[in-house]
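Below is one structure, written out as structure tokens, with a few remarks after it.
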Amino acid sequence: MNKFKNENSLDRLLRIFLSEILLLLAFFWVGGVWQIIFYILGAILLFTAVTGFCAIYKIFKINTFKQFIKPLNKKLIYSIVVILIALPLAGSYYSNFFTKKIFLEDYNRMNNYYKQTLFYTGQNKKTESADNYEKLAIEYKKFNDKYLSYHPYVIKNDANFNNDLIIVSEKVINAKDKIYNGDLTLLHKDLEEIRPIFQDILKRNGFSMLAVSLVDFHDAMEKIITAADNKNSQEVIAVYDEVSDKLKAVEEVAADDEIKAIRSNLDALLDLANNNKSEELSKKAAELKSSFIKVYLVRG
């Protein structure tokens, strides 16, 4: 059988490693044509690694099997095997975690403008409604274009997802004339129809409102952490209200000891800034982030 092989052991191990990465990318990270390409390349690399035969090598008369390679010691072999087993397991976990997080960040960015547009149309404020609608139209188009063709693992089995995106897209587009020339009270009622669609998407795919609120809080939290790391007390004070408001949304969903720890660290950070203890800001910011991560990893 060796006469048919043209790959040495190191060559085959590298192919398995690359195959695992490509299959993880295809399953979790990319969509459309790239997903198909990555699946095909991953499958080919895995097949050639298992058989030890590469047709392209055969065409170009390449044969690494015949090349001299030092025998791998047992410790190195065990280490490589552990890595090859751990990569798909750890890669799947973290890919699911981060693609879910990115999806929620994209959703929250778009949804914040939707909520603002809904609020100002309800208040019959034309200028504010128009300003937020323009931002909503831009962010929703980005969201729609991205997730119509790409479904991260968390929404992969949602058969109604694309149809819901199309329905919301039509409602957002149809609001354009009304936002400038129509009755804002009637438009407010039309936009209200989007809310249950969003809520149903989240519910169907196992997103809790706590997860949505935590991701929304995270983006604001990073601003105050950056200010603290830069030892900028005034900037910490300036962004505190925004961060606190986002945390209030989290507290409305859950107010247990772990959430209270986040609040305690955030308020302590403000106290340090108010007392101009800039040298202590970075340490307290790290504690704030740690208390957030403790909650998000388990419940986000």
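Report the rotationally averaged projected area of the stretch 110-170 based on its alpha-carbon convex hull, in square nanometres. Present the calculation step by step, with values, prior to reporting the outcome.
Working: hull surface 17.5 nm².
Across all orientations, the stretch 110-170 yields a mean hull projection of 4.4 nm².
Would you compute the Debye intensity of the stretch 1-121 from its alpha-carbon atoms alone, equal scatterers and no solvent, and pass along log10 I(q)/I(0) at q = 0.18 Å⁻¹ to two decimals?
Rounded to two decimals, the profile gives -1.01.
Can you give me the relative contact order of the stretch 169-300 as a percent, contacts being Cα pairs under 8 Å and 6 or more apart?
27 percent
Once the Cβ-Cβ distance between residue 181 and residue 43 is put in as r, and R0 is 41 Å, what FRET efficiency do you end up with, to the nearest 0.05? Mind showing how you got there, number by number?
Values: r = 55 Å, r/R0 = 1.34.
That pair, residue 181 with residue 43, gives E of 0.15.
Full extension from residue 63 to residue 150: what is 0.36 nm times the residue separation minus their Cα-Cα distance, to one decimal in nm? Don't skip to the answer; put the middle values down first.
Values: separation 87, 0.36 × 87 = 31.32 nm, distance 3.88 nm.
Stretched fully, the residue 63-residue 150 segment lengthens by 27.4 nm.
Using Cα centres only, tell me the gap between the stretch 97-164 and the stretch 1-43 in whole Å.
Rounded to whole Å, the Cα centres lie 35 Å apart.
Taking only protein heavy atoms into account and a 1.4 Å probe, give the accessible area per residue of the chain in Å².
Details: 17230 Å² over 300 residues.
Using a 1.4 Å probe on heavy atoms only, each residue of the chain averages 57 Å².
Which whole-number percentage describes the relative contact order of the chain, with Cα contacts under 8 Å and a sequence gap of 6 or more? All intermediate terms of the calculation are to be shown ahead of the outcome.
Numbers: 295 pairs, mean separation 43.0, N = 300.
The normalised contact order for the chain reaches 14 percent.
For residue 286 and residue 77, what is the calculated FRET efficiency with R₀ set at 51 Å and r taken between the beta-carbons, to the nearest 0.05?
Details: r = 40 Å, r/R0 = 0.78.
Calculated value: 0.80.
Can you give the extra length, in nm with one decimal, that the chain gains between residue 90 and residue 251 once fully stretched, where that is 0.36 nm per residue apart less the Cα-Cα distance?
Details: separation 161, 0.36 × 161 = 57.96 nm, distance 3.13 nm.
Contour length minus Cα-Cα distance gives 54.8 nm.
Between residue 278 and residue 18, what is the label-to-label distance in nm when each label sits 7 Å out along the Cα-to-Cβ direction?
According to this spin-label approximation, the distance is 5.1 nm.
Calculate the translational D of the stretch 83-216 in whole µm² s⁻¹ from Stokes-Einstein, where the hydrodynamic radius comes from the Kirkwood formula applied to all Cα pairs, the temperature is 20 °C and the viscosity 1.002 mPa s. Please list the in-between numbers first.
Working: Rh = 15.9 Å.
Translational diffusion coefficient: 135 µm²/s.
If I model a spin label at residue 190 and residue 126 as a point 7 Å from the Cα along the Cα→Cβ vector, what separation in nanometres do I get?
For the pair residue 190/residue 126, the computed spacing is 1.6 nm.
For the stretch 133-256, give the percent of accessible area contributed by carbon and sulfur heavy atoms, probe 1.4 Å, rounded to a whole number. Spell out each step's value before the answer.
Values: 3180 of 6350 Å².
With neighbouring chains kept in place, the figure for the stretch 133-256 is 50 percent.
Of (i) 41; (ii) 34; (iii) 47, which is the value of percent of Cα pairs over 33 Å apart derived from the coordinates here?
Derived directly from the coordinates: (iii).
Over the stretch 222-300, what is the relative contact order in percent, taking alpha-carbon pairs closer than 8 angstrom and at least six residues apart? Intermediate values should be presented prior to the final figure.
Details: 72 pairs, mean separation 31.9, N = 79.
So the answer I get is 40 percent.
Considering only protein heavy atoms and a probe of 1.4 Å, how much of the accessible area of the stretch 1-109 is carbon and sulfur, as a whole percent? Before the final figure, lay out each step's value.
Working: 5520 of 7300 Å².
Here carbon and sulfur together make up 76 percent of the probe-accessible area.
Report P(r) for the stretch 203-287: all Cα-Cα distances, bin width 5 Å, range 0 to the bin holding the largest distance, values in whole percent.
In whole percents, the pair-distance histogram is 3, 16, 26, 22, 15, 9, 4, 2, 1, 0.
The values are calculated or read from the model by the stated rules, or taken from the named source; none is laboratory data. Values in this document were obtained by computation on a predicted structure and should not be read as measured data. Note that each Cβ is placed from the backbone with ideal geometry, even for glycine, and that neighbours are counted across all protein chains shown. Ligands, DNA and RNA are excluded from the accessible area calculation, which covers all protein heavy atoms including side chains. Shrake-Rupley method; radii C 1.70, N 1.55, O 1.52, S 1.80 Å.
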